[in-house]
1. Between ARG122 and TYR269, what length in nm is gained on full extension when 0.36 nm per residue of separation is reduced by their alpha carbon distance?
2. Among the lysines, which have Cα under 20 Å from the Cα of LYS280 when same-chain residues fewer than 8 positions away are ignored?
3. Over 31 Å between C-alpha atoms is what I'm after, so list which of LYS54/LYS253; LYS54/LYS155; LYS2/LYS85 land there.
4. Rank by packing, highest mean first: peptides 44-56, 171-183, 190-202, with packing defined as the count of other Cβ atoms within 10 Å averaged across residues.
5. To the nearest 0.05, how large is the calculated FRET efficiency for LYS236 and LYS155 if R₀ is 30 Å and r is the Cβ-Cβ distance?
6. So which aspartates and glutamates pass the test for LYS202, namely a Cα distance under 15 Å, with those fewer than 8 places away in the same chain ruled out?
7. What's the ranking of 70-81, 218-229 by average number of surrounding C-beta atoms within 10 Å, highest first?
8. Cross-link candidates for LYS154: which aspartates and glutamates have Cα within less than 16 Å, leaving aside residues fewer than 8 places away along the same chain?
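Please treat every number below as a calculation from the coordinates, not as lab data. Just so we're clear, the structure is a prediction, and the values are computed from it rather than from any experiment. FYI the Cβ positions are ideal-geometry reconstructions off the backbone, even for glycines, and counts take in every protein chain you see.
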Amino acid sequence: MKLIDLHTHSLKSDGAQTPADVVRTAHAAGLSAMALSDHDNIEGVREAMAEGEKLGIEVIPAVELSAQVDTELHILGYFIDVESKKLKEAMEYSLVVRDQRQEETCRKLNEQGFQITMDELREEAHGNPVLCRAHFAQIMVRKGYAESVQDCFKKYLSVGCYAYSNKQALLPHEAVSLIHEAGGIAVAAHLHLIKMEDEKLKEFLRSLIPHGLDGVEGYYTDYTPDMETRYRAMAKELGLVLSGGTDYHGANKPHISIGRGRGGLEIPYSVLDGLKARHKEIYG
């Protein structure tokens with residue numbers, strides 16, 4: 001069976017994980033296709049696609065947009081036009097807001113007695129303009145404040161933790177609409193992190209459909225079998241297509257392997273066929 005991974009990142013937190021590196025890692029893992037969906041950033045997509053052409057692995061141009069909700073919402077955009085002027089402008093603004101969000105998290109961590117500075121965060125990013133919670137986690141592990149990146153997220157950086165900040169540049173419907181304006185299709189990622197009961201989640205997703213929501217992530221590293229069943233049934237009821245990915249972050253999340261997640265994830269190529277069919281249905 002041909003396997004894919006449509007949710008990968010190239011944050012370069014270890015100074016080496018370039019977009020091309022991610023593609024090479026996917027190719028070595030035997031994947032037939034992948035999507036590079038960096039957070040609020042499309043700068044690495046062309047490099048990834050060029051490497052994909054060299055190696056014979058299909059690379060889908062993508063992005064992961066953060067959206068403002070009470071908890072956490074990320075919208076994946078597939079088949080986007082990376083030359084879209086409006087998308088580029090939105091990414092520039094998103095990076096400004098992202099920095100403000102990390103400054104808030106840094107302040108909250110300081111209030112809890114953790115000695116971390118924004119300069120350290122930028123150094124941890126190795127020149128990457130996208131500063132993220134995983135960079136905080138790496139610093140905290142190195143300084144002995146947490147046992148692992150997972151431990152750090154669980155105690156300090158996830159939704160509901162004191163140091164979490166949900167400040168975002170886009171509202172949910174704006175993120176969905178922006179992806180369509182860039183020629184892509186919009187998919188709600190890792191539904192369990194939205195932290196809504198099923199009926200409320202269903203109505204929330206339904207409210208985004210008029211703005212262009214096309215699908216949901218039906219395969220994901222941290223889903224339980226029960227979550228997979230419920231979310232896929234929800235997608236079918238709402239007429240949404242399925243996507244799937246590991247949320248691979250390289251050294252930032254060493255417990256997650258590209259294409260396999262924690263070891264047992266298998267995303268069939270038929271998932272990508274479904275996304276392509278939806279894209280063709282919309283754009284011809």
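1. 49.2 nm
2. Once the sequence-local lysines are set aside, what remains near LYS280 is LYS236.
3. Those over the limit are LYS54/LYS155; LYS2/LYS85.
4. Going by the mean number of other Cβ atoms within 10 Å, highest first, we get 171-183, 44-56, 190-202.
5. Step by step, r from the Cβ atoms, then E = 0.25.
6. Hits, sequence-local ones excluded: ASP214, GLU217, GLU228, GLU237.
7. Going by the mean number of other Cβ atoms within 10 Å, highest first, we get 70-81, 218-229.
8. Answer for LYS154, where 16 Å is the Cα cut-off: GLU72, ASP222, listed by chain and number.
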